[in-house]
Amino acid sequence: MSIEFDNNMPIYIQIMNYIKKEIVIGNLKAGDKIPAVRELALELQINPNTVQRTFQELERDGIVETKRGLGRYVTSEESKIMEIKKEMAGDLLGRFIQGMQELGFANNDIVTIVAQAVNEEDKE
Amino acid sequence: MIKLLKYDWKRNSDGILSTLAILIIVQVVLTIVGLTRNWDEIVLVSLSAFLYSLTGILLFINCCRTFDHNIKSYSRRLLTLHPLNGVGAVIILSWFVMMAVVVIAAIHFLIYASYSDWDTSLLKQPELWNIGAIMGIVLQTVWGYTCIMVAILLSITVARSFRVKGSTWIGILFFIILQSVYSWLQYLLFHNNKASIGVISMDITDSNDASLSFFSNMNINFLIGPFLMELVFFIGSLYLMSYLLNKKVEI
Amino acid sequence: MESVLQLTNVTKSYRGKKALDNVSFTLSPGKIIGLLGSNGSGKSTIMKLAAGLIQPASGTVTIGGQLVGRETRAVTSFMPDQPLTESWMRVENAIQYYNDFFTDFDAAKANEMLTFMKLNKTDRISTLSKGMNERLQLTLTLSRNAKLYLLDEPIGGVDPVARAKILDAIVNYYNEESSMLVSTHLVHDIERIFDEVIFIREGKIVLQDEVENIRITHGKSIDEMFKGVFGE
């Protein structure tokens, strides 16, 4: 696991995003054990309390579950994982749309352009 | 304290042992050269005695420097031991080096005496070897030496309590004042200006009288007053050092 | 929550110049705190006060509620900017020295750390490079199970490899129940290990906050914040 941190952003949010991405792309699967706080802190060379905070936030969002005495696991609820996927897609789309609007495209044009691009992908 | 002594010894052992080795070599060479070249015995003996004193002083200074180094070093100052443990360790180290020099000198003397044509009958008088008297002298010597050591260590501590340039001079000045006050008080109290801290106030006027003179020194009246005063100064010095090392000597 | 280290209105001068001017702050347990400031800002003075090596001219310094002194030294492990060892020593002598004098010294942890730090027990300390020496000093300091660790410029003047190793060791071997105060002027490399930072300039505290708070509210890294405050 390696993250290029951006010190301008809260580190715990960066780790949260990283773990969410790992789950969405399937590197971490539903029910997988996630590393211990200390292990991850050492690997990322960061403060263990920051990792602790990351895990707490993930727990609160229901993405990670703690099994008493066993450690932390990725939630086994597929719906939760789907939710993260949608959330991340939403973020991506939001940024894309904003970028396109800044380039001067109207909403209709954006839809057309995306449709075309997807079709071309399919042909290749 | 003994653990500290262990580390003081480890740090200084190379220096002390090599100094003692050089002392022995120089004394042997001196004796051989002296005897083969037929030097005057007085010259030979006084040169030899001078070398012993010099070595003693060098090793003594080395002990003081060890103390000075210790009170400025993180490795010692961060310990949870009471600071007087460090003082005690250096004093024991200084006893040890003095004893080493004295023992070497004594052996040298015995060897020399047995080969020379000196009249050693005096030394064989049984009265001279009275255990009590000898113990008395030894204790008095060790006590006097320890008092001097404590006065010097206190002066070093005082010097290091000031964060200014030339604090060494403050220490020297303090030492002189301490000695003067001590002598003055002693004069006031006992009308006896012969002794000062650490200088043994034995009065041997005639070597033939040696044994008698030693006995007279065991007279308790002679000792009690000045000794009590020395004790007061000694304990006072330790208190002051303890306070300074806890509160004032900063690194 | 009870404070591990607390300074209250502490003032300290050297030769008439104020090194600390009415400084107050509190460290809570279980945190790694960065004490950030340029050279001569008063970082080392705070460290020495907490270690009980110097006394405040006014104000109080307490550790676990107790005034700093011989008793608090037993629970405080200090790595100064100068060696904790003596020049005649080999690595093993230094370990033995700590083992002899500190009841909270963990010999097993020390051995593990020596291996991690790639230090040889038989090496003479006087022949160690600056980076290796810092590693040894850190090993000695962190091998004690103290309540408060004080690291004065642990990565100052060492190459990036040793720097990374030292940061690894701090994260790996620091005891989570205790607190750690780390002074440095090299913020970039080390800011990710901090919970909180304290900025100190010319003997005065200018900021104390959680690092993530600073990043959230200012959108800046601690390093940029530091450069802003110290006008580099």
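The values are calculated or read from the model by the stated rules, or taken from the named source; none is laboratory data. Remember, predicted model here, so these are calculated numbers, not experimental data. Note that each Cβ is placed from the backbone with ideal geometry, even for glycine, and that neighbours are counted across all protein chains shown.
Okay, residues lined up against (1) part of a helix (DSSP H, G or I); (2) under 25 Å from residue C:28 (Cα atoms); (3) touching a residue at least 12 places away in the same chain (Cβ under 8 Å):
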{"site": "A:4", "(1), (2), (3)": "no, no, no"}
{"site": "A:7", "(1), (2), (3)": "no, yes, no"}
{"site": "A:17", "(1), (2), (3)": "yes, no, no"}
{"site": "A:27", "(1), (2), (3)": "no, no, no"}
{"site": "A:50", "(1), (2), (3)": "yes, yes, yes"}
{"site": "A:53", "(1), (2), (3)": "yes, yes, yes"}
{"site": "A:56", "(1), (2), (3)": "yes, yes, no"}
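Table: residues versus (1) at pLDDT 90 or above; (2) assigned to a helix (DSSP H, G or I); (3) polar (S, T, N, Q).
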position	(1), (2), (3)
B:13	yes, yes, yes
B:16	yes, yes, no
B:29	yes, yes, no
B:38	no, no, yes
B:42	no, yes, no
B:46	yes, yes, yes
B:51	yes, yes, no
B:54	yes, yes, no
B:64	yes, yes, no
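Looking across region C:173-210, the residues that are part of a loop (DSSP other than H, G, I, E, B) and within 13 Å of the chain's Cα centre (by Cα) come down to C:174, C:178, C:185, C:190, C:194.
Selection of first residues in region B:151-176 that are closer than 16 Å to residue B:83 by Cα and of second residues that are modelled with pLDDT of 90 or more and of a type in the set (Ser, Thr, Tyr), restricted to Cβ pairs under 6 Å at least 6 apart or on distinct chains, gives the following pairs, ordered by first then second residue: B:154/B:237. With a requirement of 2 or more residues that are modelled with pLDDT under 65, the helices (runs of 4 or more DSSP H) lying completely within region B:156-251 that satisfy it span B:210-217, B:220-247.
If the requirement is being without any contact (Cβ under 8 Å) to a residue 40 or more places away in the chain, of a type in the set (Ser, Thr, Tyr) and either within 14 Å of chain B (Cβ to nearest Cβ) or closer than 30 Å to residue C:188 by Cβ (or both), which of these qualifies: C:76, C:103?
C:103
On the basis of being small (Gly, Ala, Ser), at positive phi and more than 10 Å from every other protein chain (Cβ to nearest Cβ), does residue A:71 make the cut? Walk me through how you get there before you give the answer.
Values: small (Gly, Ala, Ser): yes; at positive phi: yes; more than 10 Å from every other protein chain (Cβ to nearest Cβ): yes.
Against the criterion (small (Gly, Ala, Ser), at positive phi and more than 10 Å from every other protein chain (Cβ to nearest Cβ)), residue A:71 qualifies.
Quick check: is even one residue across region B:51-60 in contact with a Ser or Thr (Cβ under 8 Å, 6 or more places away or on another chain) and over 29 Å from residue B:249 (Cβ atoms)? Among the residues of region B:51-60, at least one is in contact with a Ser or Thr (Cβ under 8 Å, 6 or more places away or on another chain) and over 29 Å from residue B:249 (Cβ atoms), which makes the answer yes. Residue C:187 falls short of the stated requirement of being buried (at least 16 other Cβ atoms within 10 Å of the Cβ), modelled with pLDDT of 95 or more, under 26 Å from residue A:5 (Cβ atoms) and within 14 Å of chain A (Cβ to nearest Cβ). Apart from one condition, residue C:156 fits all of (1) surrounded by fewer than 21 Cβ atoms within 10 Å (Cβ to Cβ); (2) within 13 Å of the chain's Cα centre (by Cα); (3) within 12 Å of chain A (Cβ to nearest Cβ); the exception is (3). Here region C:85-118 is the region considered, the condition is being aromatic (Phe, Trp, Tyr) and closer than 27 Å to residue B:12 by Cα, and the residue that is surrounded by the most Cβ atoms within 10 Å (Cβ to Cβ) is C:98.
Among the residues making up region C:27-59, those that are in contact with a Leu (Cβ under 7 Å, 6 or more places away or on another chain) and closer than 19 Å to residue C:207 by Cβ are C:27, C:33, C:35, C:42, C:43, C:45, C:46, C:47. Hey, any hits in region A:11-33 for a residue that's of a type outside the set (Val, Ile, Thr) and within 11 Å of another protein chain (Cβ to nearest Cβ)? Among the residues of region A:11-33, at least one is of a type outside the set (Val, Ile, Thr) and within 11 Å of another protein chain (Cβ to nearest Cβ), which makes the answer yes. Only one of the numbered conditions (1) among the polar types (S, T, N, Q); (2) in contact with a Lys or Arg (Cβ under 6 Å, 6 or more places away or on another chain); (3) without any contact (Cβ under 8 Å) to a residue 40 or more places away in the chain; (4) not in a loop (DSSP other than H, G, I, E, B) is not met by residue B:80, and that is (4). Tell me whether region A:65-83 contains one or more residues that are in contact (Cβ under 8 Å) with a residue 40 or more places away in the chain and charged (D, E, K, R). Yes. Residues in region C:123-172 that are in a loop (DSSP other than H, G, I, E, B), under 19 Å from residue C:98 (Cβ atoms) and without any contact (Cβ under 8 Å) to a residue 40 or more places away in the chain: C:123, C:128. Residues that are in a strand (DSSP E or B), more than 19 Å from the chain's Cα centre (by Cα) and within 12 Å of another protein chain (Cβ to nearest Cβ): does region C:87-96 have at least one? Checking region C:87-96: at least one residue is in a strand (DSSP E or B), more than 19 Å from the chain's Cα centre (by Cα) and within 12 Å of another protein chain (Cβ to nearest Cβ).
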